[in-house]
Amino acid sequence: MASLVVTIHTFFFDHASELWSIIHDHFQQFTRARARKLRYELRATLHENRTVEEYLVRIKMLSGSLDSTGDHLPLHRYIDVILEGFPQYYSHVISVIESKI
C-alpha cells in the first residue's frame, strides 16, 4: 500500500499533502453522506411493533453510529426523536416527560 502511495505521489503530485488532501476529501464526503443517512434513519425510526427496550436500543445504536461520524446531536434532540417515535397510545407518558424537561 505504501509503495502505491509513493508511486501515485511521484507521478501526479508535487507534494504529498496534495494526495492526502484528496484522500481526506473523499472520505469526508463519504462520512457526510453516512451522517445524513443516519440522521434520516434516526428520525424515521418508530416504536411500531418493537418492545420499548428494542426501540431504545435501536435509537442508541443509530445515535452511536451518528456520533462516530463526528455529527453529534444535542441531548434534547435525541429526546425529541425518542418521544416522537412513540405511537399516540403513549401520549400521556410523553406529556409527563415533556413537562419535566
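The values are calculated or read from the model by the stated rules, or taken from the named source; none is laboratory data. Quick caveat, the model's predicted, so the values are computed rather than measured. We place every Cβ from the backbone using ideal geometry, glycine too, and count neighbours over all the protein chains shown.
A few remarks follow.
- The set of residues from the range 44-82 being modelled with pLDDT of 90 or more and in contact with a Pro (Cβ under 9 Å, 6 or more places away or on another chain) comprises 46, 47.
- Residue 61, sole failed condition from (1) in contact with a helix residue (DSSP H, G or I) (Cβ under 9 Å, 6 or more places away or on another chain); (2) over 19 Å from residue 98 (Cβ atoms): (1)
- Of all residues in the range 33-43, those being surrounded by 15 or more Cβ atoms within 10 Å (Cβ to Cβ) and either over 9 Å from the mean Cα position of the chain (by Cα) or of a type in the set (A, V, I, L, M, F, W, C) (or both) number 3.
- Consider the range 83-101 and keep the residues that are surrounded by fewer than 16 Cβ atoms within 10 Å (Cβ to Cβ) and in a loop (DSSP other than H, G, I, E, B). The one that is modelled with the lowest pLDDT is 101.
- Matching residues in the range 44-82 - criterion: being under 11 Å from the mean Cα position of the chain (by Cα) and in a helix (DSSP H, G or I): 59, 60, 61, 62, 63, 64, 65, 66, 67, 68
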